[in-house]
Amino acid sequence: MKLTKKEFLKYVDHSLLKPNLTKEEVVAGLNFAKENECAAVCINTCNLDLAYEILKDTDVKIGTVIGFPSGAHTTFSKVAETIDAYARGAVEMDMVIDIGALRNGEADDVRKDIEAVVKASPAIVKVIFENYYLTKEEIALACKLAEEAGAHYVKTSTGFAPGGATVEDIKLMRESVSDKVKVKAAGGISTYADCIAMIEAGSDRIGISKTQEILKELEAGM
């Protein structure tokens, strides 16, 4: 697969989630996403006002994270985060499931947790599984539950676990949801070749923090 820079960037959620980013670094990242017309940014909720100020008149979608990065939050708190984030300009919510509940076999609770976030706002909801901690069967089940709950995307990872996206998992997730649900790869994607492999495996979006370095690779090969 060969993509132009513009085509590639329409897959990219430019990630600005590291907790040690300074305001200056966040502003630089937002302006980079604006200038390069990334599909979206994914930013911590504390920086949403800043993101809205910079991106409000652009086509770059403002995304944020809910129950991040552990997912071990109450549904009440995830819903409250979602309502607040939407009010402050976020139109895409990357929420983390209750990983422990899934592993416990508490499927109804996981489904209800996702559904509550979906219903909390009109935003697109991307459900993060943190695949590193899950079996293939659990990943497939999580896909089923996310779709039943009305989620718009299933997503591999937060980027904070020891492992991230794999081609094998992307293929499994793509096979485990209908065409109504999209797939996002994130976590450990650090080269242009990684990105292309994820897209070819079925990813509709790619969450990356090393966007600038990856673009240099793309441009060098053009």
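Data table
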quantity	calculated
Calculated [θ] (222 nm, deg cm²/dmol) that DSSP helices of n ≥ 4 give over the chain, each run adding -39,500 (n - 2.57)	-14000 deg cm²/dmol
Fully extended contour minus Cα-Cα distance, from residue 103 to residue 168, at 0.36 nm per residue	21.4 nm
Chain lengthening between residue 140 and residue 80 when straightened (0.36 nm per residue, less Cα-Cα)	18.8 nm
Of 77, 65, 134, farthest towards positive along the dipole that unit charges on Lys, Arg, Asp, Glu beta carbons give the stretch 35-174	134
Förster-model FRET efficiency, 35 Å R0, residue 222 and residue 56, C-beta, rounded to 0.05	0.65
Shape metrics for the stretch 1-104, restricted to C-alpha atoms - Rg then Dmax, Å	14.8, 45
Ranked packing of 133-139, 88-94, most packed first, by mean Cβ within 10 Å	88-94, 133-139
Rounded percent of accessible protein surface that carbon and sulfur make up, the chain, 1.4 Å probe	51 percent
Of 46, 32, 22, farthest towards positive along the dipole that unit charges on Lys, Arg, Asp, Glu beta carbons give the stretch 22-63	46
Solvent exposure, largest accessible area first (probe 1.4 Å, DNA, RNA and ligands not counted), of 48, 21	21, 48
Unit charges at the beta carbon, dipole of the chain: most positive-side option, 117, 202, 161	202
Accessible-area value, residue 179, 1.4 Å probe, nucleic acids and ligands omitted, Å²	150 Å²
FRET efficiency, residue 178 to residue 28 (Cβ-Cβ, R0 25 Å, nearest 0.05)	0.05
Gaussian network model of the chain, Cα within-10 Å springs - most flexible of 162, 69, 19	19
Computed magnitude of the charge dipole of the chain (debye, nearest 20; Cβ of K, R +1, Cβ of D, E -1)	240 debye
Highest to lowest packing among 189-198, 23-32, scored as the average C-beta count within 10 Å	189-198, 23-32
Magnitude of the charge dipole, the stretch 113-222, Cβ model with Lys/Arg +1 and Asp/Glu -1, debye to 20	260 debye
Among 40, 149, 80: highest mean-square fluctuation, GNM of the chain, C-alpha pairs under 10 Å	80
Distance in nm between pseudo-label sites at residue 4 and residue 37 (7 Å out along the Cβ direction from Cα)	0.9 nm
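The values are calculated or read from the model by the stated rules, or taken from the named source; none is laboratory data. All of these numbers come straight from a predicted model, not from anything done at the bench. Virtual Cβ from ideal backbone geometry, glycine too; neighbours counted across all protein chains shown. Accessible surface is based on the protein model in full, side chains and every heavy atom, while ligands, DNA and RNA are left aside. Shrake-Rupley method; radii C 1.70, N 1.55, O 1.52, S 1.80 Å.
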